[in-house]
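The values are calculated or read from the model by the stated rules, or taken from the named source; none is laboratory data. Given the structure is predicted, the values throughout are model-derived calculations rather than measurements. So basically every Cβ, Gly included, is an ideal-geometry build from the backbone, and we count neighbours across all protein chains shown.
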Protein chains: 4
Amino acid sequence: MFTTNTLVRVRYAETDQMGVVYHSNYFPYFESARAESIRELGMTYADMEKAGVIMPVVEVQCRYIRPARYDDLLTIKTILKELPLHHKIEFFHEVYNEQEVLLATGKIILYFMKATSMEKTVMPETLKQHLAPYFS
Amino acid sequence: MFTTNTLVRVRYAETDQMGVVYHSNYFPYFESARAESIRELGMTYADMEKAGVIMPVVEVQCRYIRPARYDDLLTIKTILKELPLHHKIEFFHEVYNEQEVLLATGKIILYFMKATSMEKTVMPETLKQHLAPYFS
Amino acid sequence: MFTTNTLVRVRYAETDQMGVVYHSNYFPYFESARAESIRELGMTYADMEKAGVIMPVVEVQCRYIRPARYDDLLTIKTILKELPLHHKIEFFHEVYNEQEVLLATGKIILYFMKATSMEKTVMPETLKQHLAPYFS
Amino acid sequence: MFTTNTLVRVRYAETDQMGVVYHSNYFPYFESARAESIRELGMTYADMEKAGVIMPVVEVQCRYIRPARYDDLLTIKTILKELPLHHKIEFFHEVYNEQEVLLATGKIILYFMKATSMEKTVMPETLKQHLAPYFS
């Protein structure tokens, strides 16, 4: 299992008139947490994309347990439970506030695809090598 | 079953550098489609909220089948399969482009809650009366 | 002078915890109003971009006079006061609510640029021909 | 003069199909930079709002000089040139990338207002005391 924690400060722009973070704004939090997660492995998603592999999102889920609020310093946990064998990768996320209360959980499924041909591909070899030690 | 169709034009702001609509931007489309759906029943969500009942989103799902693109005129189908008995309501959504190709499907679960006490409540009686004919 | 009016319904996602439309969300309204404005001339910005001319925004201004609120049906007025001679085009916007009260005014400056070389260019000839009658 | 620097990492969600940060997404960057700026003084905007003073944005300006791109680690400079005497406060912003190239400049004017009565007010005394040393 590979797990990372990323801090995100809630912006005013992300709240709605209910006084809480609007539900769809958790997904950019998850996205930036995944990016930081890859960065901790010594790579960047940006580089991967420049090398011709893109990762479109094909499915998302999110459960909202307690509201996140303006200026909350959230911890976004990113969990990779399995090393992907094929074109599909599944990330789990958990959102905690500063009191370590669980606010939301999410699941994001992405594909590895070649940017030029838009054909499914597999995880780039270098990323796989960085991740492998966490799954043996 | 109660079903409505709402047109949404994709904004440039909603695309990302993959040249497609960013995945979280479907949720505001779904939200506006639900609002239009309630409006077609002769009410508004805004009025419901002013009357003290709010509908926080407690769970979302979305599957992305084909990308939506800038300036696409999307049809967002809103489907209510069951009249809710308790505090929970479940909406299904389908997204079609102008060629009537299915681009995405979604499911949104919301609660009826009292704005002042934040206690669970049931669907306001007037909304129920407007919906009932579609489920008999 | 070339002027168009575009209707935009405020989404819940666009409000903030002050109970009003968050200030930056007026710019996507302006953007979609400009797109509709070009569409009324019988063209689309999307087509222009496919033909190799992009229009990056180089300067924006907005004054907020009265707040726009959730579910407001806004009229976004788009005003082109002068036919651009060079690579620069200046749009003015006004935002009105259903009571025809002026809520905000904006100014957006964009450049015409070649997508491939990122060199400044001028307004595509076809768009100019469609606009010319309004300025003679 | 009171000046602070805040780091912001560009999210994928904030890019558009031109491959750059969409123009309106600089304003939430500015907003979070102002929030961090107040935090460095030992206060928070969130607390100020809880104490009954809100700061609606009444005017914004932004000039885009060079594009910001996905995953760029931006420095948002926040500059307060004058200590506000009345209900109005003016912030200047500058955006730099990691190569210290200036990408954009902005100006945001906000009012101090009482949340309950929506009447104009002045800067809370405690904030003024924290700021005063920078202007003497």
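Every listed requirement among (1) in contact with a strand residue (DSSP E or B) (Cβ under 7 Å, 6 or more places away or on another chain); (2) more than 9 Å from chain B (Cβ to nearest Cβ); (3) farther than 22 Å from residue D:44 by Cβ is met by residue A:27 save one, (2). The number of residues in the range B:66-102 being among the aliphatic types (A, V, I, L, M) and closer than 30 Å to residue C:38 by Cα comes to 7. Among the residues of the range D:30-60 satisfying the criterion of being outside any strand (DSSP E or B), over 22 Å from residue A:8 (Cβ atoms) and free of Cβ contacts under 8 Å to residues at least 60 places away in the same chain, which is nearest to the other protein chains (Cβ to nearest Cβ)? Ranking the candidates gives D:56 first. Of the residues examined, residue C:84 is not one that is within 14 Å of chain D (Cβ to nearest Cβ) and not hydroxyl-bearing (Ser, Thr, Tyr). Taken as a whole, the condition of being assigned to a strand (DSSP E or B), modelled with pLDDT of 95 or more and surrounded by 22 or more Cβ atoms within 10 Å (Cβ to Cβ) does not apply to residue D:4.
Looking only at the range D:78-102, which residues are touching a Leu at 6+ places or on another chain (Cβ under 9 Å) and either surrounded by fewer than 15 Cβ atoms within 10 Å (Cβ to Cβ) or in contact (Cβ under 8 Å) with a residue 40 or more places away in the chain (or both)? Once the filter is applied, which keeps residues that are touching a Leu at 6+ places or on another chain (Cβ under 9 Å) and either surrounded by fewer than 15 Cβ atoms within 10 Å (Cβ to Cβ) or in contact (Cβ under 8 Å) with a residue 40 or more places away in the chain (or both), the range D:78-102 yields D:80, D:83, D:90, D:91, D:95, D:98.
Of all residues in the range D:66-95, those satisfying the criterion of being touching a strand residue (DSSP E or B) at 6+ places or on another chain (Cβ under 6 Å), assigned to a loop (DSSP other than H, G, I, E, B) and closer than 19 Å to residue C:57 by Cα are D:66, D:68, D:70. Restricting the range A:7-23 to residues that are in contact with a strand residue (DSSP E or B) (Cβ under 8 Å, 6 or more places away or on another chain) and surrounded by fewer than 19 Cβ atoms within 10 Å (Cβ to Cβ), the residue that is farthest from the other protein chains (Cβ to nearest Cβ) is A:7.
Each residue in the range A:24-62 was checked for being farther than 23 Å from residue A:114 by Cα and either modelled with pLDDT under 95 or surrounded by fewer than 17 Cβ atoms within 10 Å (Cβ to Cβ) (or both), and 1 pass.
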